[in-house]
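Notes to accompany the following structure.
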Amino acid sequence: RAQRERTAAQQPARSADGQRIEVVANVRHAADTADALAAGAEGVGLLRSELLFEQRSSAPDEDEQIAAYAAVARCLGQDRPLVIRSLDVGGDKPLSYLPLPREDNPFLGQRGVRLSLAHPALFCTQIRAVLRATQGHRLHLMLPMVATLEEFRQARALVAEQAEQLGLAMPSLGIMIEVPSAALLAEQFAREVDFMSIGSNDLTQYTLAMDRGHAQLAQHADALHPAVLRLIGLCGDAVKRNAKWLGVCGAMASDPLAVPALLGLGVRELSVEAPAVAAVKAAVARCYLDECRALAQQLVELDTASAVRARLSEFQSRAH
Ligand code: PEP
Ligand code: MG
């Protein structure tokens, strides 16, 4: 079966009833982009740009960033989508060249887009590099850890300013849904963003108030908790009403068990780790979206993550 899945993985993913679902990959640089394409990924759903910024004594300049992003874009060609996430550091992931104050609660501190807004020169250099490196490609620019509309609007204004200065068009601009406030206000966000992608690792951590790296708690921080599924469902409904799209780029997207739930909640793009591409595409191919929607309605009424898992296992065994 694994061999059959690997062969099928070279085809675009479709549900059993023919709906196109994009199965793309999480990558860090051009080399693992090539690996992801070989595994059947249809593009990049999350370029984690942090690698370029870490373990050095000064920030990479615009040209160095252009070289890195252009290498990924070249690898993908002009037809495959490329979602580049702006710098997602801060708090627990410090950078030696940024004077960050010590924080008592780094996970609730200046991280993600908050850090970019506090250091606009750093952010604007990155945006200019992204825009210049990806002309002619299917770029989507994605902001991490957005909690409020004001943060999104401030970041959007900076992106618009850079695009205008460069004489380039405004790119498709979206947000990660990693903070419950953003999911709860999905309707308001959906009017202004071009897309949303669920960062299920952080969304689970903040919804359940369980540190994702905590030795005792991490095993209970289950993205299949009905509370998390409800938040994803709010996003699915909001993007549908506003003709935008919803993806998932957290670890949950790589779990074939979760696929029917996500499709039923309105997710249309799954950004996965390269080794998971074949199994996730196979899971998509077993799904009828009407059944998935009915399933999702049941799942959000359940009371625990283990009840959700039991229901999904039963669904999976019947779909085989
Ligand atoms: C997430 O939070 O789910 C995510 C994809 O971002 P990261 O794991 O890089 O925080
Ligand atoms: Mg995250």
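Read the figures in this text as sums done on the coordinates, not as results from a lab. What you see is a predicted model, and the numbers here were worked out from it, not measured in a lab. Please note: Cβ atoms are built from the backbone with ideal geometry, for glycine as well, and neighbour counts cover all protein chains shown.
Cα centroids of segment 213-266 and segment 133-162: how far apart, whole angstrom?
22 Å
So what are the ³J(HN,Hα) numbers for segment 225-231, from phi and the Karplus equation (6.51, -1.76, 1.60; θ = phi - 60°), rounded to whole Hz, Gly and Pro as x?
My calculation for segment 225-231 gives 4, x, 5, 5, 4, 4, 5 Hz in order.
Take the Cα pairs of segment 180-320, get the Kirkwood Rh, then feed it into Stokes-Einstein at 20 °C and 1.002 mPa s and tell me D in µm²/s.
Reported coefficient: 142 µm²/s.
Based on alpha-carbon atoms only, what is the radius of gyration of segment 243-310 relative to the globular estimate 2.2 N^0.38 Å?
The reported ratio for this selection is 1.08.
For residue 25, which sequence-distant residues (separation of 5 or more, or a different chain) have an amide H within less than 5 Å of its own amide H, given hydrogens modelled in the peptide plane?
Distant-sequence amide H within range of residue 25: 42, 43, 44, 45, 46, 272.
Packing-wise, with mean Cβ within 10 Å as the measure, how do 225-231, 309-315 rank, highest first?
Output ranking for 225-231, 309-315: 225-231, 309-315.
Cβ neighbours within 10 Å, averaged per peptide: list 57-65, 280-288, 98-106 in order, most packed at the top.
Highest-to-lowest ranking by the protection proxy: 280-288, 57-65, 98-106.
Say the dipole of the chain comes from +1 at the beta carbon of Lys and Arg and -1 at that of Asp and Glu; which of 105, 274, 135 then lies farthest toward its positive end?
My answer, from the dipole projection, is 274.
If amide hydrogens are placed 1.01 Å from N in the peptide plane, which non-local residues have theirs closer than 5 Å to the one on residue 140?
Long-range HN contacts for residue 140: 82, 83, 84.
Per residue, what volume in Å³ does the convex hull of the Cα atoms of the chain enclose?
So the per-residue hull volume is 131 Å³.
Give the distance, in whole Å, between the Cα centre of segment 4-34 and the Cα centre of segment 37-114.
With segment 4-34 and segment 37-114 each reduced to a Cα centre, they are spaced 22 Å.
Taking the Cα centre of segment 125-241 as origin, work out the dipole magnitude from +1 charges on Lys and Arg Cβ and -1 charges on Asp and Glu Cβ, in debye rounded to 20.
Charge dipole of segment 125-241: 300 debye, to the nearest 20.
Can you give me the long-range amide H partners of residue 287? Hydrogens built in the peptide plane at 1.01 Å from N, cutoff under 5 Å, separation of 5 or more residues or another chain.
Distant-sequence amide H within range of residue 287: 16.
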